[in-house]
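The values are calculated or read from the model by the stated rules, or taken from the named source; none is laboratory data. Just so you know, these numbers come straight off a predicted model, no measurement behind them. Cβ placement follows ideal geometry from the backbone for every residue including glycine, while neighbour counts extend to all protein chains displayed.
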Amino acid sequence: MSLTKADPEWFVRGAPHVWRPYCQHQSAAPALPVITARGSRLVLADGRELVDGTASWWTAAHGYNHAHIAERVRKQLEVLPHVAFGGLAHEPAYTLAALLCAFAGAPFERVFYTESGSVAVEVALKIALQFHQNHGRARKSILCFEGGYHGDTFATMSLCDPVDGMHRAFESTGVKAVHAPLPLEDGALESTLDKIGDDLACILVEPLLQGAGGMRLHSADVLKRLRKAADERGALLIFDEIATGFHRLGSAFAFHEAGVTPDLLVVGKALTGGTLPLAGTLTSEKVFEAFLGESSERALQHGPTYMGNPLACAAALASLELFGASNHSERVAKLAQSLHRIGQTLSSLPNIQSVRVHGAMLAIDLAPGTAPSSNAFAAHGAFIRPLRLGRSDVVYTVPPLTIEPADLDVLGAALLQTLRHP
Ligand SMILES: *Cc1c(COP(=O)(O)O)cnc(C)c1O
């Protein structure tokens, strides 16, 4: 790891002690030290500014350091930064639960809070398996999809893409996951369902856009078929909208756009506008009622220590207010047009295999091992982190939804310059 004279003292002292995410430390370039961030821009220690094409892993939907969110969090900090959720209640979590259910719409009536998306998916699975137990059925199989990504914890790893995903070494971790291809080829869904038989507990999918597994798109028709299959077999349908939620594809949630309603909805990432960690598992009253009864065994036995943290809930409330304050479907439609234009320019480059845009997401497939490094993009003023999968490299951008046209131009130019001379 090479450190330069311009690096801040904290970075030089701390770098030998930090274990970075998804990082081969032996060969990786040093991380870029960030001093502050505003709008769509990261300000680096050496004075450079980068337009963030990743919105900090899809979270910073309103841009960085948004004054309204900061104000709400600051006020909450003075009143009640944290209190445990076991046996105690507080205003931000209760207000947010009601507003979040209203934001998602029918049939969602309940929210279970967690601090990360992976755990929120685990909670959804736990609810689905116990839902059947509470109905006196021992169902264990989870139908999930190739190209999927649902998190890094043990149960969620088994549900990611089994061949190409980053968790293939942990393919089987005790969860009964059965993978089907997506988009569904003729007969593939039916033959997979026949194999599972009456053991199907739930179907888990990222609706319309599979994110970290390769930025792959599928149609609403696929989701309609999954809804029908779940209904016919008495299984629950779970949509993981951790990435697609909060207007990333235009509508508030992808399931609104698709016109297909799941039984459980998992949210995270942009929930707090990129300010604090918070995720949630939303369910219908039908699912919730299966947990009522005389014994504590019928109840959901789960409760993260920092569940429903008041600061995080205050940030989420402020973020929901921002989503409500302007027409985000229109905003994302405009952003999609600009991304289409960028995509069109890129599609003429010889090394590019395919380009796709949906809402505020642009993805470009390249041959495996050929995507430029983050540093190459940074040299042109943008922060981009390509996905390196087995069958392709994917360069993608999911910028803040509030990105200014001038910053979008920087992003477009950086993509063009870097991919033209890889
Ligand atoms: C990011 C993501 C997760 C995991 O969320 P974490 O907060 O990183 O644990 C799960 N599912 C999808 C679709 C995601 O994009």
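Structure notes:
- Test result for Asp199, away from the ligand (no atom under 15 Å from the Cβ), out of contact with any His (no Cβ under 6 Å at 6 or more places or on another chain), more than 17 Å from Gly148 (Cβ to Cβ) and modelled with pLDDT of 95 or more: yes
- Residue pairs whose Cβ atoms lie under 8 Å apart, separated by 6 or more positions or on different chains, with the first residue in the range 21-40 and at positive phi and the second part of a loop (DSSP other than H, G, I, E, B), are Tyr22/Met166; Gly39/Gly63; Gly39/Pro400; Gly39/Thr402; Gly39/Ile403; Gly39/Glu404.
- Residue in the range 227-248 that is farthest from the ligand (Cβ to nearest atom), counting only those that are in contact (Cβ under 8 Å) with a residue 40 or more places away in the chain and not in a loop (DSSP other than H, G, I, E, B): Arg233
- The residues of the range 95-148 that are basic (Lys, Arg) and either under 21 Å from Thr59 (Cα atoms) or within 16 Å of the ligand (Cβ to nearest atom) (or both) amount to a single one, Lys126.
- Across the range 202-220, the qualifying residues are those that are among the small types (Gly, Ala, Ser) and more than 10 Å from the ligand (Cβ to nearest atom), and the one among them that is nearest to Ala230 (Cα to Cα) is Ala220.
- For the range 310-320, the criterion of being farther than 19 Å from Ala252 by Cα, within 16 Å of the ligand (Cβ to nearest atom) and either at pLDDT 95 or above or crowded, with 20+ Cβ neighbours inside 10 Å (or both) is met by at least one residue.
- Single residue of the range 362-382 satisfying the filter (of a type in the set (A, V, I, L, M) and farther than 16 Å from Val51 by Cβ) that is farthest from the chain's Cα centre (by Cα): Ala367
- Of all residues in the range 199-208, those satisfying the criterion of being of a type outside the set (Val, Ile, Thr) and either over 25 Å from Thr397 (Cα atoms) or surrounded by fewer than 23 Cβ atoms within 10 Å (Cβ to Cβ) (or both) are Asp199, Leu200, Ala201, Cys202.
- Gly87 falls short on exactly one of the conditions (1) within 16 Å of the ligand (Cβ to nearest atom); (2) surrounded by fewer than 19 Cβ atoms within 10 Å (Cβ to Cβ), and that condition is (1).
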